[in-house]
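Step one of this worksheet: look at the structure below.
The values are calculated or read from the model by the stated rules, or taken from the named source; none is laboratory data. All values derive from a computational prediction rather than experimental measurement. Neighbour counts are summed over all protein chains in view; Cβ atoms, including those assigned to glycine, are modelled from backbone coordinates with ideal geometry. Side chains are part of the model used for accessible areas, which takes the heavy atoms of the whole protein and leaves out ligands, DNA and RNA. Shrake-Rupley method; radii C 1.70, N 1.55, O 1.52, S 1.80 Å.
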Amino acid sequence: MEKQVIIFDTTLRDGEQALPASLSAREKLQIALMLERLGVDVIEAGFPVSSPGDFTSVQMIAREVKNARVCGLSRALEKDIDACGEALSVAEQFRIHTFIATSDIHVDTKLRKSQDEVVEMAIKAIQHARKYTDDVEFSCEDAGRTHIDYLCRMVEAAISAGASTVNIPDTVGYTIPSEFGGIISSLFDRVPNIDKAVISVHCHNDLGLAVANSLAAVQAGARQVECTVNGIGERAGNCSLEEIVMTLKTREQMLGLQTNIRSQEISKASKLVSQLCNMPVQANKAIVGANAFSHSSGIHQDGVLKGQNTYEIMTPESVGINKNNLNLTSRSGRHVIKHRLGELGYKSDEYDLDEVYTAFLKLADKKGQVFDYDLEALLFFNQQKHEDAYYKLTYLHATSGHNIIPSATVSLELGEKSLTKSATGNGPVDAAFNAIISAIEGHDLDIVDFKLDSKGEGADALAQVSVIVEYNHRRFNGIGLATDIVEAGVKALIFVLNNMHLADQIDQQKQKIVGV
Ligand code: KIV
Ligand code: ZN
């Protein structure tokens with residue numbers, strides 16, 4: 001049997017659909033390029049029919065990604081499949097993924113169709129998708145709760161209709177490993193044409209079993225695993241890419257299976273997804289949590305010093321975590337920073353060294369010592385900045401304290417114009433936000449979320465603020481970084497304003513094109 005397990009990443013589809021605010025097309029492309037470097041075989045880039053924004057970002061990813069197959073999701077409907085075909089046609093290699101629910105509970109309650117009608121819809125959808133490409137994947141939604149006789153019938157029909165991959169999702173994360181592995185074994189035993197397609201699995205984590213179920217399925221013969229970076233996704237998330245990949249790698253001798261993943265890129269991919277999606281990774285998360293490779297108890301520390309493999313089953317380096325022996329301060333030169341970033345896995349063409357170094361010096365002056373997490377945060381913000389931003393912060397002064405009314409004065413550049421506004425609020429951040437909102441009067445926006453996080457340790461740590469704003473029935477996300485909480489908040493809001501400005505410009509261009 002094939003030894004290679006195909007890694008199908010759905011961070012940008014199942015993962016992204018669960019976020020409180022959508023990622024911008026630029027952010028999605030950044031993640032897609034990271035997934036390409038990571039070595040995933042298939043990138044599910046989105047659901048093109050769901051919105052014009054999704055269509056555009058799938059198309060952009062399809063155009064840019066060269067070393068992975070780009071895939072789009074569609075219901076078993078012609079219009080969905082046509083949107084996928086159109087968005088993906090610019091790709092070097094692409095896949096159309098179409099799905100329909102197969103469990104009684106979904107067929108009766110959601111689809112309100114007979115089982116025969118659902119099989120017919122699936123066949124028609126697959127045949128329609130085959131007009132665009134030979135690479136068609138079909139998913140039996142809620143397969144985990146589907147009667148095995150009907151599942152066998154559906155899988156056989158899908159393969160006969162031309163699906164080259166058939167996916168068996170545990171959509172609601174209900175099954176347990178022996179049961180899910182059993183479903184896959186039954187399909188191999190009972191579906192006569194099963195050897196004509198790759199069997200894939202897609203497990204949700206409602207009972208914390210997504211990785212275990214995927215592994216059981218692979219042991220039963222599945223050769224594609226659908227997963228997401230950091231396990232993000234609907235509700236409790238999806239099978240975590242880093243966990244399934246490192247399980248297959250660490251236990252390769254026992255399992256005899258391989259993937260194309262460059263595991264040294266895992267830590268970077270995890271940080272990028274966590275930052276852009278604003279989804280912190282819990283410290284004790286396997287593989288990518290801050291504590292995944294730290295040993296606390298004296299006995300463990302003593303053991304690891306005597307021999308790393310006493311308490312470590314894989315090395316931090318194998319997932320791209322490199323320990324730092326350099327003391328980075330304002331006396332460190334540019335080449336030291338470049339060298340350290342290289343050790344952390346960042347190539348010099350991924351950032352502007354002059355800008356990162358200037359930001360590093362400013363931070364080193366404020367903090368004394370700069371740590372890896374500071375450096376990575378600076379780099380991330382260097383990569384996120386808006387080229388030729390319309391809104392720029394030129395001055396900020398805020399006061400707060402006990403028994404005084406918090407107030408703030410903010411000066412902004414808005415294109416060619418400069419404006420200064422002052423306001424009060426229930427705290428200095430609120431006051432600064434009120435000043436900014438009065439400077440951009442006429443924009444009806446609502447701040448729906450504000451989160452403050454510290455990047456690193458100690459009272460001098462960098463503050464990261466993320467803000468979600470609702471504007472014109474859409475949600476925009478922004479993040480800001482500074483040692484000062486108010487400044488970090490203001491930067492986050494200005495980031496959002498620049499995202500809104502870009503979206504307004506795109507809308508105006510579209511209106512011109514359609515002549516509205
Ligand atoms: O969970 C699920 O069933 C899905 C399908 C669309 C594959 O995400
Ligand atoms: Zn799913």
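Any idea which residue in region 41-59 is surrounded by the most Cβ atoms within 10 Å (Cβ to Cβ), counting only those that are over 27 Å from residue 385 (Cβ atoms) and not charged (D, E, K, R)?
My answer is 48.
Against the condition more than 21 Å from residue 262 (Cβ to Cβ), open to solvent by 30 Å² or more (accessible area, probe 1.4 Å) and part of a helix (DSSP H, G or I), how does residue 37 come out, does it pass?
In short, no.
Checking residue 317 against (1) open to solvent by 70 Å² or more (accessible area, probe 1.4 Å); (2) free of Cβ contacts under 8 Å to residues at least 40 places away in the same chain; (3) over 22 Å from residue 382 (Cα atoms); (4) part of a helix (DSSP H, G or I), which test does it fail?
It fails just one condition, (2).
Restricting attention to region 10-38, which residues are under 15 Å from residue 241 (Cα atoms) and either away from ligand 1 (no atom under 13 Å from the Cβ) or of a type in the set (Phe, Trp, Tyr) (or both)?
31, 32, 34, 35, 36, 37, 38
Can you tell me which residue among 87, 101, 62 is more than 15 Å from ligand 1 (Cβ to nearest atom), farther than 27 Å from residue 345 by Cβ and crowded, with 21+ Cβ neighbours inside 10 Å?
Result: 87 is the single residue among 87, 101, 62 that is more than 15 Å from ligand 1 (Cβ to nearest atom), farther than 27 Å from residue 345 by Cβ and crowded, with 21+ Cβ neighbours inside 10 Å.
Can you report the number of residues in region 65-82 which are buried (at least 22 other Cβ atoms within 10 Å of the Cβ) and in a helix (DSSP H, G or I)?
Residues meeting the conditions: 2.
Give just the number: which of (1) in a loop (DSSP other than H, G, I, E, B); (2) surrounded by fewer than 21 Cβ atoms within 10 Å (Cβ to Cβ) does residue 26 not satisfy?
(1)
Which condition number in (1) within 20 Å of the chain's Cα centre (by Cα); (2) modelled with pLDDT of 90 or more; (3) not aliphatic (A, V, I, L, M) is the one that residue 280 fails?
With respect to (1) within 20 Å of the chain's Cα centre (by Cα); (2) modelled with pLDDT of 90 or more; (3) not aliphatic (A, V, I, L, M), residue 280 is out only on (2).
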